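To start, the structure under review is shown below, and the notes come after it.
The values are calculated or read from the model by the stated rules, or taken from the named source; none is laboratory data. Worth saying up front: this structure is predicted, and the values here are computed from it rather than measured. Using ideal geometry, Cβ is built from the backbone for each residue, glycine included, and neighbour counts are taken over all protein chains shown. Please note that ligands, DNA and RNA were not included when accessible areas were found on the heavy atoms of the full protein model with its side chains. Shrake-Rupley method; radii C 1.70, N 1.55, O 1.52, S 1.80 Å.
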Amino acid sequence: MTDQPNGLTYADAGVDIDAGERLVDAIKPLAKSTRRPGAEASLGGFGALFDLKAAGFEDPLIVATTDGVGTKLKIAIETGRHDEVGIDLVAMCVNDLLAQGAEPLLFLDYYATGKLDVDAARRVVTGIAEGCRRAGCALVGGETAEMPGMYSGGDYDLAGFSLGALERGKALPDLDAQAAGDVVIGLASSGPHSNGYSLIRKVVEASGLGWAADAPFAKDRSLAQALMEPTRIYVKPVLPLMKSGLIKGAAHITGGGLIENPPRCVAEGLKATFDWDSWPLPRIFQWLAETGGISDHEMRRTFNCGVGFILIVAPENVEAVLEGLLNAGEPAFVCGQLEAA
(Lines give C-alpha, C1' and ligand atoms only; values in the text may rest on other atoms or scores of the structure.)
Protein backbone atom coordinates (compact mmCIF):
# COMPACT_ATOMS: atom_id res chain seq x y z
CA MET A 1 0.00 0.00 0.00
CA THR A 2 1.21 3.54 -0.78
CA ASP A 3 1.79 5.92 2.12
CA GLN A 4 -0.42 9.04 2.08
CA PRO A 5 1.45 11.63 4.21
CA ASN A 6 -1.59 13.85 4.72
CA GLY A 7 -4.22 11.11 4.60
CA LEU A 8 -7.04 10.61 7.07
CA THR A 9 -6.64 8.24 10.01
CA TYR A 10 -9.12 6.23 12.05
CA ALA A 11 -8.49 8.69 14.90
CA ASP A 12 -9.56 11.54 12.61
CA ALA A 13 -12.86 9.67 12.18
CA GLY A 14 -13.28 9.55 15.96
CA VAL A 15 -12.09 6.02 16.73
CA ASP A 16 -9.18 5.67 19.17
CA ILE A 17 -7.57 2.24 18.69
CA ASP A 18 -5.02 2.99 21.41
CA ALA A 19 -7.80 3.65 23.94
CA GLY A 20 -9.31 0.29 23.06
CA GLU A 21 -5.99 -1.42 23.70
CA ARG A 22 -5.66 0.34 27.07
CA LEU A 23 -9.11 -0.91 28.02
CA VAL A 24 -8.21 -4.51 27.11
CA ASP A 25 -5.09 -4.30 29.27
CA ALA A 26 -7.13 -2.86 32.14
CA ILE A 27 -9.75 -5.60 32.12
CA LYS A 28 -7.50 -8.64 31.71
CA PRO A 29 -7.03 -8.98 35.51
CA LEU A 30 -10.79 -8.66 35.96
CA ALA A 31 -11.43 -11.57 33.61
CA LYS A 32 -8.72 -13.61 35.31
CA SER A 33 -10.49 -13.15 38.66
CA THR A 34 -13.55 -15.00 37.32
CA ARG A 35 -11.78 -18.27 36.40
CA ARG A 36 -13.71 -21.46 37.13
CA PRO A 37 -13.34 -25.16 36.26
CA GLY A 38 -13.65 -25.52 32.51
CA ALA A 39 -12.60 -21.98 31.61
CA GLU A 40 -9.29 -20.22 31.91
CA ALA A 41 -10.99 -16.84 31.28
CA SER A 42 -8.05 -15.40 29.32
CA LEU A 43 -8.67 -12.59 26.84
CA GLY A 44 -7.13 -11.90 23.46
CA GLY A 45 -8.17 -14.75 21.18
CA PHE A 46 -10.90 -14.82 18.55
CA GLY A 47 -13.07 -17.09 20.68
CA ALA A 48 -13.25 -18.81 24.06
CA LEU A 49 -13.07 -22.52 24.80
CA PHE A 50 -14.95 -24.26 27.59
CA ASP A 51 -14.33 -27.80 28.83
CA LEU A 52 -17.70 -29.22 29.93
CA LYS A 53 -16.08 -32.41 31.24
CA ALA A 54 -13.77 -30.37 33.49
CA ALA A 55 -16.86 -28.60 34.82
CA GLY A 56 -18.28 -31.95 35.93
CA PHE A 57 -20.93 -32.58 33.27
CA GLU A 58 -21.54 -36.08 31.88
CA ASP A 59 -24.32 -35.70 29.29
CA PRO A 60 -24.92 -31.95 29.06
CA LEU A 61 -27.33 -29.76 27.17
CA ILE A 62 -26.27 -26.20 26.41
CA VAL A 63 -28.50 -23.22 27.24
CA ALA A 64 -27.78 -19.71 25.91
CA THR A 65 -29.21 -16.33 26.89
CA THR A 66 -28.73 -12.69 25.93
CA ASP A 67 -30.05 -9.48 27.46
CA GLY A 68 -29.26 -5.85 28.26
CA VAL A 69 -29.82 -3.32 31.03
CA GLY A 70 -32.35 -1.08 29.27
CA THR A 71 -32.84 2.57 30.14
CA LYS A 72 -31.40 2.09 33.62
CA LEU A 73 -28.23 2.97 31.72
CA LYS A 74 -29.55 6.52 31.26
CA ILE A 75 -29.35 7.07 35.01
CA ALA A 76 -25.83 5.61 35.11
CA ILE A 77 -24.71 7.91 32.31
CA GLU A 78 -26.41 11.03 33.69
CA THR A 79 -25.04 10.51 37.22
CA GLY A 80 -21.66 8.94 36.42
CA ARG A 81 -22.59 5.82 38.42
CA HIS A 82 -20.98 3.21 36.15
CA ASP A 83 -19.76 0.78 38.80
CA GLU A 84 -22.75 -1.55 39.22
CA VAL A 85 -24.64 -1.68 35.92
CA GLY A 86 -22.31 -4.52 34.93
CA ILE A 87 -23.79 -6.60 37.75
CA ASP A 88 -27.23 -5.92 36.27
CA LEU A 89 -26.02 -7.05 32.85
CA VAL A 90 -24.79 -10.39 34.17
CA ALA A 91 -27.84 -10.88 36.39
CA MET A 92 -30.31 -10.45 33.55
CA CYS A 93 -28.61 -13.26 31.63
CA VAL A 94 -27.66 -15.75 34.35
CA ASN A 95 -30.99 -15.55 36.17
CA ASP A 96 -32.65 -16.49 32.87
CA LEU A 97 -30.32 -19.49 32.60
CA LEU A 98 -31.22 -20.46 36.15
CA ALA A 99 -34.94 -20.40 35.30
CA GLN A 100 -34.19 -23.22 32.84
CA GLY A 101 -32.33 -25.17 35.53
CA ALA A 102 -28.95 -24.42 33.95
CA GLU A 103 -25.64 -23.60 35.64
CA PRO A 104 -24.04 -20.44 34.20
CA LEU A 105 -20.60 -21.26 32.79
CA LEU A 106 -19.32 -18.31 30.80
CA PHE A 107 -20.21 -14.72 29.96
CA LEU A 108 -19.36 -12.24 27.19
CA ASP A 109 -20.23 -8.57 26.94
CA TYR A 110 -20.72 -6.01 24.19
CA TYR A 111 -19.97 -2.35 25.02
CA ALA A 112 -20.86 0.22 22.36
CA THR A 113 -20.18 3.94 22.59
CA GLY A 114 -19.64 7.04 20.50
CA LYS A 115 -16.31 7.92 22.12
CA LEU A 116 -14.54 5.44 24.38
CA ASP A 117 -14.02 6.66 27.94
CA VAL A 118 -11.53 4.11 29.22
CA ASP A 119 -12.21 4.82 32.90
CA ALA A 120 -16.00 4.58 32.55
CA ALA A 121 -15.71 1.38 30.51
CA ARG A 122 -13.29 -0.14 33.02
CA ARG A 123 -15.75 0.60 35.82
CA VAL A 124 -18.55 -1.05 33.87
CA VAL A 125 -16.44 -4.16 33.25
CA THR A 126 -15.45 -4.21 36.94
CA GLY A 127 -19.15 -4.62 37.69
CA ILE A 128 -19.45 -7.33 35.05
CA ALA A 129 -16.60 -9.25 36.67
CA GLU A 130 -18.25 -8.90 40.07
CA GLY A 131 -21.52 -10.23 38.63
CA CYS A 132 -19.69 -13.19 37.13
CA ARG A 133 -18.10 -14.00 40.49
CA ARG A 134 -21.52 -13.88 42.16
CA ALA A 135 -22.91 -16.22 39.50
CA GLY A 136 -19.90 -18.54 39.45
CA CYS A 137 -19.30 -18.07 35.71
CA ALA A 138 -16.22 -16.99 33.81
CA LEU A 139 -15.88 -13.71 31.92
CA VAL A 140 -14.21 -15.06 28.79
CA GLY A 141 -14.39 -12.20 26.32
CA GLY A 142 -16.37 -9.37 24.80
CA GLU A 143 -16.40 -6.60 22.25
CA THR A 144 -15.86 -2.87 22.59
CA ALA A 145 -17.25 -0.86 19.68
CA GLU A 146 -16.44 2.83 19.29
CA MET A 147 -18.94 4.22 16.78
CA PRO A 148 -18.95 8.01 16.34
CA GLY A 149 -22.26 9.20 14.96
CA MET A 150 -24.21 6.25 16.38
CA TYR A 151 -24.03 7.45 20.00
CA SER A 152 -23.68 11.02 21.27
CA GLY A 153 -21.49 12.37 24.04
CA GLY A 154 -20.75 9.85 26.76
CA ASP A 155 -23.68 7.59 25.87
CA TYR A 156 -23.05 3.86 25.75
CA ASP A 157 -25.06 0.67 25.49
CA LEU A 158 -24.50 -2.81 26.86
CA ALA A 159 -25.46 -6.30 25.81
CA GLY A 160 -24.61 -9.52 27.59
CA PHE A 161 -24.39 -13.12 26.42
CA SER A 162 -24.21 -16.12 28.72
CA LEU A 163 -23.83 -19.85 28.20
CA GLY A 164 -24.94 -22.48 30.70
CA ALA A 165 -25.41 -26.21 30.86
CA LEU A 166 -27.49 -28.86 32.56
CA GLU A 167 -27.63 -32.63 32.49
CA ARG A 168 -29.98 -34.16 29.95
CA GLY A 169 -33.44 -34.72 31.43
CA LYS A 170 -33.02 -32.04 34.12
CA ALA A 171 -34.37 -29.00 32.27
CA LEU A 172 -36.99 -26.82 33.90
CA PRO A 173 -39.89 -26.40 34.01
CA ASP A 174 -40.91 -30.00 34.68
CA LEU A 175 -44.40 -29.50 33.32
CA ASP A 176 -45.46 -33.14 33.69
CA ALA A 177 -44.72 -33.06 37.41
CA GLN A 178 -46.73 -29.93 38.20
CA ALA A 179 -50.15 -30.19 39.84
CA ALA A 180 -52.79 -28.00 41.41
CA GLY A 181 -51.77 -27.32 44.99
CA ASP A 182 -48.07 -26.88 44.22
CA VAL A 183 -46.66 -23.92 46.10
CA VAL A 184 -45.10 -20.75 44.67
CA ILE A 185 -42.11 -19.48 46.65
CA GLY A 186 -40.91 -15.94 46.06
CA LEU A 187 -37.32 -14.75 46.38
CA ALA A 188 -36.99 -11.10 47.37
CA SER A 189 -35.77 -8.54 44.85
CA SER A 190 -33.40 -5.69 45.65
CA GLY A 191 -35.68 -3.16 43.94
CA PRO A 192 -36.85 -2.74 40.33
CA HIS A 193 -33.75 -4.66 39.17
CA SER A 194 -33.39 -3.70 35.46
CA ASN A 195 -36.98 -3.36 34.34
CA GLY A 196 -39.49 -0.55 34.07
CA TYR A 197 -36.92 2.23 34.06
CA SER A 198 -38.56 4.17 31.26
CA LEU A 199 -41.61 4.48 33.55
CA ILE A 200 -39.39 5.11 36.60
CA ARG A 201 -37.70 8.01 34.84
CA LYS A 202 -41.14 9.45 34.00
CA VAL A 203 -42.13 9.22 37.67
CA VAL A 204 -38.90 10.89 38.78
CA GLU A 205 -39.50 13.67 36.28
CA ALA A 206 -43.05 14.14 37.61
CA SER A 207 -41.77 14.20 41.21
CA GLY A 208 -39.50 17.18 40.50
CA LEU A 209 -36.61 15.51 42.33
CA GLY A 210 -33.04 15.51 41.06
CA TRP A 211 -30.82 12.44 41.10
CA ALA A 212 -28.82 13.86 44.03
CA ALA A 213 -31.92 14.44 46.18
CA ASP A 214 -32.58 12.23 49.19
CA ALA A 215 -34.59 9.18 48.17
CA PRO A 216 -38.07 9.51 49.77
CA PHE A 217 -38.20 5.72 50.23
CA ALA A 218 -34.63 4.95 51.37
CA LYS A 219 -32.82 6.38 54.39
CA ASP A 220 -29.42 8.02 53.87
CA ARG A 221 -29.35 7.36 50.12
CA SER A 222 -29.69 9.62 47.15
CA LEU A 223 -32.37 8.93 44.59
CA ALA A 224 -29.71 7.80 42.11
CA GLN A 225 -28.09 5.45 44.64
CA ALA A 226 -31.39 3.84 45.53
CA LEU A 227 -32.56 3.41 41.95
CA MET A 228 -29.21 2.03 40.81
CA GLU A 229 -29.25 -0.85 43.33
CA PRO A 230 -28.13 -3.81 41.20
CA THR A 231 -30.21 -6.84 40.30
CA ARG A 232 -29.93 -9.80 42.67
CA ILE A 233 -28.21 -12.89 41.28
CA TYR A 234 -29.98 -16.01 42.52
CA VAL A 235 -27.69 -18.72 41.13
CA LYS A 236 -25.70 -19.85 44.17
CA PRO A 237 -28.62 -20.29 46.64
CA VAL A 238 -31.04 -21.80 44.10
CA LEU A 239 -28.94 -24.08 41.88
CA PRO A 240 -28.27 -26.74 44.59
CA LEU A 241 -32.02 -27.01 45.21
CA MET A 242 -32.62 -27.53 41.50
CA LYS A 243 -29.90 -30.17 41.27
CA SER A 244 -31.46 -32.02 44.20
CA GLY A 245 -34.76 -32.31 42.31
CA LEU A 246 -36.82 -30.13 44.67
CA ILE A 247 -37.93 -27.58 42.07
CA LYS A 248 -40.66 -28.14 39.46
CA GLY A 249 -40.43 -24.76 37.77
CA ALA A 250 -38.85 -21.32 38.05
CA ALA A 251 -39.30 -17.86 36.57
CA HIS A 252 -37.12 -14.78 36.52
CA ILE A 253 -39.42 -11.81 37.11
CA THR A 254 -38.33 -9.25 34.53
CA GLY A 255 -40.25 -7.16 31.97
CA GLY A 256 -43.91 -8.14 32.25
CA GLY A 257 -43.60 -8.42 36.01
CA LEU A 258 -45.65 -10.89 38.03
CA ILE A 259 -48.40 -10.99 35.40
CA GLU A 260 -46.56 -12.16 32.28
CA ASN A 261 -43.51 -14.09 33.56
CA PRO A 262 -45.02 -16.84 35.80
CA PRO A 263 -47.10 -18.42 33.00
CA ARG A 264 -43.86 -19.19 31.16
CA CYS A 265 -43.01 -21.87 33.75
CA VAL A 266 -46.50 -23.28 34.45
CA ALA A 267 -48.07 -26.29 32.75
CA GLU A 268 -51.07 -25.94 30.46
CA GLY A 269 -54.30 -26.21 32.44
CA LEU A 270 -52.75 -24.59 35.52
CA LYS A 271 -52.15 -21.01 36.62
CA ALA A 272 -50.09 -19.33 39.33
CA THR A 273 -52.29 -17.46 41.79
CA PHE A 274 -50.59 -14.96 44.09
CA ASP A 275 -51.56 -13.96 47.59
CA TRP A 276 -50.70 -10.29 47.18
CA ASP A 277 -50.89 -9.72 50.94
CA SER A 278 -48.30 -12.40 51.76
CA TRP A 279 -45.37 -9.98 51.43
CA PRO A 280 -45.09 -6.23 52.06
CA LEU A 281 -44.77 -4.07 48.96
CA PRO A 282 -41.27 -2.51 49.29
CA ARG A 283 -41.28 1.24 49.86
CA ILE A 284 -39.68 2.00 46.51
CA PHE A 285 -42.69 0.49 44.72
CA GLN A 286 -45.11 2.26 47.05
CA TRP A 287 -43.45 5.56 46.15
CA LEU A 288 -43.54 4.83 42.42
CA ALA A 289 -47.23 3.90 42.57
CA GLU A 290 -48.24 6.91 44.66
CA THR A 291 -46.10 9.50 42.86
CA GLY A 292 -46.99 8.23 39.39
CA GLY A 293 -50.61 7.39 40.13
CA ILE A 294 -49.95 3.88 38.80
CA SER A 295 -52.67 1.24 39.17
CA ASP A 296 -52.05 -2.08 40.92
CA HIS A 297 -52.40 -3.97 37.64
CA GLU A 298 -49.92 -1.71 35.86
CA MET A 299 -47.45 -2.07 38.74
CA ARG A 300 -47.72 -5.86 38.66
CA ARG A 301 -47.25 -6.10 34.88
CA THR A 302 -44.31 -3.65 34.81
CA PHE A 303 -42.31 -4.28 37.99
CA ASN A 304 -41.34 -7.26 40.12
CA CYS A 305 -43.01 -5.61 43.15
CA GLY A 306 -40.48 -7.16 45.52
CA VAL A 307 -40.32 -10.67 44.04
CA GLY A 308 -37.34 -11.14 41.74
CA PHE A 309 -37.57 -14.90 41.17
CA ILE A 310 -40.17 -17.60 41.83
CA LEU A 311 -39.94 -21.34 42.40
CA ILE A 312 -42.68 -23.94 42.03
CA VAL A 313 -42.42 -26.62 44.70
CA ALA A 314 -44.47 -29.62 45.84
CA PRO A 315 -46.19 -28.93 49.21
CA GLU A 316 -44.12 -31.59 50.98
CA ASN A 317 -40.86 -29.91 49.88
CA VAL A 318 -41.69 -26.32 50.83
CA GLU A 319 -40.05 -26.47 54.26
CA ALA A 320 -36.81 -27.94 52.86
CA VAL A 321 -36.62 -25.36 50.06
CA LEU A 322 -37.29 -22.41 52.38
CA GLU A 323 -34.72 -23.70 54.86
CA GLY A 324 -32.14 -24.10 52.10
CA LEU A 325 -32.73 -20.58 50.81
CA LEU A 326 -32.71 -18.93 54.23
CA ASN A 327 -29.56 -20.82 55.26
CA ALA A 328 -27.92 -19.45 52.10
CA GLY A 329 -28.89 -15.91 53.15
CA GLU A 330 -31.64 -15.60 50.53
CA PRO A 331 -34.88 -13.94 51.76
CA ALA A 332 -37.76 -16.16 50.60
CA PHE A 333 -41.44 -16.65 51.38
CA VAL A 334 -44.54 -18.50 50.22
CA CYS A 335 -46.45 -16.15 47.93
CA GLY A 336 -48.97 -18.27 46.06
CA GLN A 337 -49.95 -21.63 44.59
CA LEU A 338 -50.88 -23.38 41.38
CA GLU A 339 -54.56 -23.77 40.63
CA ALA A 340 -56.60 -25.16 37.78
CA ALA A 341 -56.83 -22.60 34.99
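A compact table of results
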item	result
Members of segment 84-122 that are closer than 16 Å to LEU23 by Cβ, in contact with a helix residue (DSSP H, G or I) (Cβ under 8 Å, 6 or more places away or on another chain) and not aliphatic (A, V, I, L, M)	GLY86, ASP109, TYR111, THR113, ARG122
Qualifying residue in segment 270-281 (condition: among the hydroxyl-bearing types (Ser, Thr, Tyr) and closer than 21 Å to GLY249 by Cα)	yes
Some residue of segment 286-302 being free of Cβ contacts under 8 Å to residues at least 60 places away in the same chain, in contact with a Cys (Cβ under 7 Å, 6 or more places away or on another chain) and either open to solvent by 60 Å² or more (accessible area, probe 1.4 Å) or within 27 Å of PRO230 (Cβ to Cβ) (or both)	yes
Positions within segment 117-144 being buried (at least 23 other Cβ atoms within 10 Å of the Cβ) and part of a loop (DSSP other than H, G, I, E, B), in sequence order	CYS137
Test: residue in segment 220-240 that is of a type in the set (D, E, K, R), without any contact (Cβ under 8 Å) to a residue 24 or more places away in the chain, touching a Ser or Thr at 6+ places or on another chain (Cβ under 9 Å) and surrounded by fewer than 18 Cβ atoms within 10 Å (Cβ to Cβ)	no
Strands (runs of 3 or more DSSP E) (entirely within segment 263-341) containing at least 2 residues that are over 21 Å from the mean Cα position of the chain (by Cα) and of a type outside the set (D, E, K, R)	270-274, 332-340
Cross-chain or 6+ apart pairs with Cβ under 8 Å, segment 189-208 first and modelled with pLDDT of 95 or more, then part of a helix (DSSP H, G or I) and of a type in the set (S, T, N, Q)	ASN195/THR302; GLY196/THR302; LEU199/THR302; VAL203/THR291; ALA206/THR291; SER207/THR291
Where GLY160 falls short, out of the listed (1) assigned to a strand (DSSP E or B); (2) out of contact with any helix residue (DSSP H, G or I) (no Cβ under 7 Å at 6 or more places or on another chain); (3) of a type outside the set (Ser, Thr, Tyr)	(2)
Given (1) touching a strand residue (DSSP E or B) at 6+ places or on another chain (Cβ under 8 Å); (2) charged (D, E, K, R); (3) part of a helix (DSSP H, G or I), index of the condition ASP51 fails	(3)
Residue under evaluation LYS248, criteria (1) surrounded by 18 or more Cβ atoms within 10 Å (Cβ to Cβ); (2) among the charged types (D, E, K, R); (3) in contact (Cβ under 8 Å) with a residue 60 or more places away in the chain; (4) within 30 Å of GLU84 (Cα to Cα), criterion not met	(4)
Search result, residues across segment 148-174 that are free of Cβ contacts under 8 Å to residues at least 60 places away in the same chain and either under 23 Å from GLY86 (Cβ atoms) or crowded, with 19+ Cβ neighbours inside 10 Å (or both)	MET150, TYR151, SER152, GLY153
Options ILE27, ILE17; residue that is open to solvent by less than 50 Å² (accessible area, probe 1.4 Å) and modelled with pLDDT under 80	ILE27
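Conditions tested, residue by residue: (1) in a loop (DSSP other than H, G, I, E, B); (2) at pLDDT 80 or above; (3) at negative phi.
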site	(1), (2), (3)
TYR10	yes, no, yes
ALA41	yes, no, no
VAL69	yes, yes, yes
ASN95	no, yes, yes
